[in-house]
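Each value in this text was obtained by applying a stated rule to the coordinates, not by laboratory testing. Quantities reported herein were computed from a predicted structural model and do not represent experimental measurements. Using ideal geometry, Cβ is built from the backbone for each residue, glycine included, and neighbour counts are taken over all protein chains shown.
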Amino acid sequence: MIIKVLDKQARCDFEDIPPGTYALAVIHDENMNGKLDANWLGVPTEGYGFSNDAKALLGAPSFSAAGFPYSGRNLEMTISLHY
């Protein structure tokens with residue numbers, strides 16, 4: 001999904017998602033080129049974050065670190081971005 005950021009916040013609503021275990025990755029694609037830009041060392045130069053506030057150490061966190069159970073009911077989650 002592409003969502004506009006308003007006042008340093010964005011909201012995303014997913015519909016018709018079956019129960020299961022999921023993980024989310026979020027990026028702030030500031031230049032709208034469709035990817036997470038990085039410097040020559042591979043360090044991201046745009047904001048990124050993961051569900052469970054899982055930490056990225058030399059790449060994305062494992063699915064088990066970012067995964068969360070979804071029962072099919074409404075679920076609110078906050079993901080902080082790291083710059």
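A few points about this structure:
- Per-selection Rg to Rh, region 20-70 - Cα, Kirkwood hydrodynamic radius: 1.02
- Here r is the Cβ-Cβ distance between Cys12 and Lys55 and R0 is 22 Å; the resulting FRET efficiency, rounded to 0.05, is 0.55.
- Chain lengthening between Val5 and Leu75 when straightened (0.36 nm per residue, less Cα-Cα): 23.2 nm
- Structure-based [θ]222 nm, the chain - -39500 (n - 2.57) summed over DSSP H runs of at least 4, per residue, nearest 500: -500 deg cm²/dmol
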